[in-house]
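Down below is the structure, laid out as structure tokens.
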Amino acid sequence: MSNSSENRARDHAYSSFTQKLLSQDIAPGQIVSQRELVELTGMPLGAIREMIPRLEADGLIKTVPKRGLQVLNIDLDLVRNAFQLRRMIEGEAIALFCAQASTAQIAQIATDHRTIRAQAVGGLPEDLLAEAQKMDWAFHDLVVDAMGNQIISDIYRVNAIKIRLIRNSDTRMLPELAVSVMDEHLAVVDALLARDTEAAVTAMHAHIDSAKRRALGV
């Protein structure tokens with residue numbers, strides 16, 4: 001197998017593993033063997049062995065001598081660390097986005113959010129709820145990726161997996177949260193429209209702090 005083919009197989013195995021993790025086919029804290037990962041992901045053993053160092057580097061698994069591979073466990077330290085990292089990255093990202101994004105781009109983001117928000121008041125059907133969730137994640141991805149820093153984007157993506165694991169089964173936006181989440185986003189977007197960097201950072205931090213409280217159930 002060529003190096004490019006090996007890289008593709010490793011990347012596919014990594015993607016399959018994270019999907020299984022987020023869908024709860026693999027549980028946080030679970031001990032698994034390489035053979036079990038082959039069965040769970042449908043990937044060959046070679047690709048599994050190739051992806052393990054990457055998973056370890058990303059903090060998604062750790063090797064437990066004589067037992068196997070332990071999936072990332074959810075505890076208060078993880079919650080604190082993951083949301084602190086998110087706060088740092090997205091605070092810096094939204095400040096740059098406020099300075100660099102075009103008015104037309106921000107206006108379109110505002111329109112899309114207001115449309116979903118108006119629909120959410122009456123209760124969103126499943127398809128629109130999925131759209132609201134996609135918009136939520138896409139907004140954050142857009143802001144971070146707009147920094148043009150691949151290192152930060154990669155760190156952010158791994159941290160986003162951990163954030164979703166912290167939320168356990170609540171990986172989708174709940175109907176009762178759709179309006180409040182859109183309102184939190186719109187507070188950021190309104191600050192962007194006003195080109196008020198300080199207000200945009202404050203609103204983004206408030207949104208992340210709110211997400212942390214929701215994840216903790218407080």
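The values are calculated or read from the model by the stated rules, or taken from the named source; none is laboratory data. Please read these numbers as outputs of a predicted model, since none were measured by experiment. Cβ: placed from backbone, ideal geometry, glycine included. Neighbour counts: every protein chain shown.
A few comments on the model shown:
- The range 25-52, subset of a type in the set (D, E, K, R) and part of a helix (DSSP H, G or I), residue surrounded by the most Cβ atoms within 10 Å (Cβ to Cβ): E50
- Here L55 meets the list (1) surrounded by 17 or more Cβ atoms within 10 Å (Cβ to Cβ); (2) in the same structural domain as I163 (by TED's automatic domain parsing); (3) under 18 Å from L165 (Cα atoms) almost entirely, failing just condition (2).
- The lone exception for A138 - which of (1) surrounded by fewer than 18 Cβ atoms within 10 Å (Cβ to Cβ); (2) over 22 Å from F17 (Cα atoms); (3) modelled with pLDDT of 80 or more it fails: (2)
- Evaluated against (1) surrounded by 15 or more Cβ atoms within 10 Å (Cβ to Cβ); (2) modelled with pLDDT under 95; (3) in contact with a Lys or Arg (Cβ under 7 Å, 6 or more places away or on another chain), T171 falls short on exactly one condition, (1).
- Residue within the range 9-24 that is surrounded by 14 or more Cβ atoms within 10 Å (Cβ to Cβ), part of a loop (DSSP other than H, G, I, E, B) and not assigned by TED's automatic domain parsing to the domain that holds Y156 present: no
- Filter result for I74 (within 16 Å of the chain's Cα centre (by Cα), within 25 Å of H140 (Cβ to Cβ) and not in a helix (DSSP H, G or I)): yes
- Residue match in the range 23-45 (condition: of a type in the set (S, T, N, Q) and under 19 Å from the mean Cα position of the chain (by Cα)): yes
- Taken together, D75, D58 contain a single residue that is of a type in the set (D, E) and without any contact (Cβ under 8 Å) to a residue 12 or more places away in the chain, which is D75.
- A211 within 15 Å of the chain's Cα centre (by Cα), assigned to a helix (DSSP H, G or I) and at pLDDT below 95: yes
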